[in-house]
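Since every read-out is calculated from the coordinates, none of them should be taken as a lab result. Worth saying up front: this structure is predicted, and the values here are computed from it rather than measured. Positions of Cβ are generated from backbone atoms using ideal geometry, with glycine treated the same way; all protein chains shown enter the neighbour counts.
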Amino acid sequence: MTLLLAVALAIIVLRDLFAAAMLSGIFSLTSAGLFVVMDAVDVAFTEAAVGAGISTVLMLGALLLTVSREKHGTSRLQLLPLVVVLLTGTALIYGTLDMPRYGDPEAPIHSHVASSYLERTPNEIGIPNVVTAVLASYRGYDTLGETTVVLIAGTGVLLLLKHPRGNKQEEES
Amino acid sequence: MKRPIHQHAILRVVSKILIPYIFLFALYVQFHGDFSAGGGFQAGVIFASGIILYTLIFGLDRAFQAFHPRLFEIFMALGVSIYGGVGVVALLSGGQFLEYDSLTHDPVHGQHLGILLVELGVGLTVTSAMVSIFFAFLNRGRA
């Protein structure tokens, strides 16, 4: 947690965007470690692969298209954004006060559908990884939607970036 | 004078050794997702990172020779089609949409088959989308 905080602060302070991109990768990797400690290996796996791997590379790809140093903005203290950030942060922390303690067996997530998934998976699906069973079978619709989102994101980026600037427009106009 | 990245012998040799294992690990995560951590999403990203590593070291032209960009555009749609197709096949064989029980005579086998195919679709789409986005970025930078 302390490490996460330190990395986040470093990202804010640093003006060198290359280092900031690398640090955001480190941030993801650290949170992946945190997920492993909390026994959420599937989430940790995704975080390590997507957050630390792909998004860092895409960030570097974006840096290739622009400059790698942040411009010095106005040094004047921006009061309104600061107030908004502080208010949101306080509200979020206040919200966590009501959350059940970590590992509490009475927590809503354990008393709702999770236990029925755990009981039904060995008989109905017959695979050891309950996360996969929930993702691909019990929640198949959601995963289909997620996959479609990935397709749409890919298509969108291709539509925006595929053709070199001006190439297409010149033909049409 | 800084040398271009593809002239570094160490990077070239090490990546040539590593990339097959990255692909192998991705396939393991893909098809072993039923038994251990992982699945289509993670496998797709790992497979894509192997291709991206190759592109970073050997350059876009070599990468386009090895992996045709058009291929990924087709695979991207194919993945979702496989996913949806499994749902439709389940529909046609008497179940509900995405109800894998009806895919084979045995419900549990049907679930195995359904999950395997669906994860394959997810993996294909994720890999192709990631690689396509990366190629699009690099192409733009070059133009």
Checklist entry - Of the numbered conditions (1) within 30 Å of residue B:57 (Cα to Cα); (2) touching a helix residue (DSSP H, G or I) at 6+ places or on another chain (Cβ under 7 Å), residue A:144 satisfies every one except a single condition; which is it? => result (1)
Checklist entry - Quick one: is residue A:49 within 14 Å of chain B (Cβ to nearest Cβ) and surrounded by 17 or more Cβ atoms within 10 Å (Cβ to Cβ)? => result yes
Item to check | Per-region count, region A:100-129, residues more than 25 Å from residue B:102 (Cα to Cα) and aliphatic (A, V, I, L, M) | outcome: 2
Item to check | Matching residues, region A:118-140, being part of a helix (DSSP H, G or I) and either under 16 Å from residue B:39 (Cβ atoms) or of a type in the set (A, V, I, L, M, F, W, C) (or both) | outcome: A:118, A:121, A:130, A:131, A:132, A:133, A:134, A:135, A:136, A:137, A:138, A:140
Next on the checklist: When the residues of region A:19-65 are narrowed to those that are free of Cβ contacts under 8 Å to residues at least 40 places away in the same chain and not in a helix (DSSP H, G or I), which ends up nearest to residue B:30 (Cα to Cα)?
Outcome noted: A:40
Checklist entry - Which one of these is within 29 Å of residue B:52 (Cα to Cα) and out of contact with any Leu (no Cβ under 9 Å at 6 or more places or on another chain): A:45, A:27, A:18? => result A:45
Checklist entry - Between residues in region B:15-30 that are more than 11 Å from residue B:51 (Cα to Cα) and residues that are outside any helix (DSSP H, G or I), which pairs lie under 6 Å by C-beta distance while being six or more apart or on different chains? => result B:29/B:38
Checklist entry - Taking interchain pairs and intrachain pairs at least six residues apart, which have beta carbon atoms under 6 angstrom, with the first residue in region B:94-105 and touching a residue at least 12 places away in the same chain (Cβ under 8 Å) and the second polar (S, T, N, Q)? => result B:100/B:111; B:102/B:93
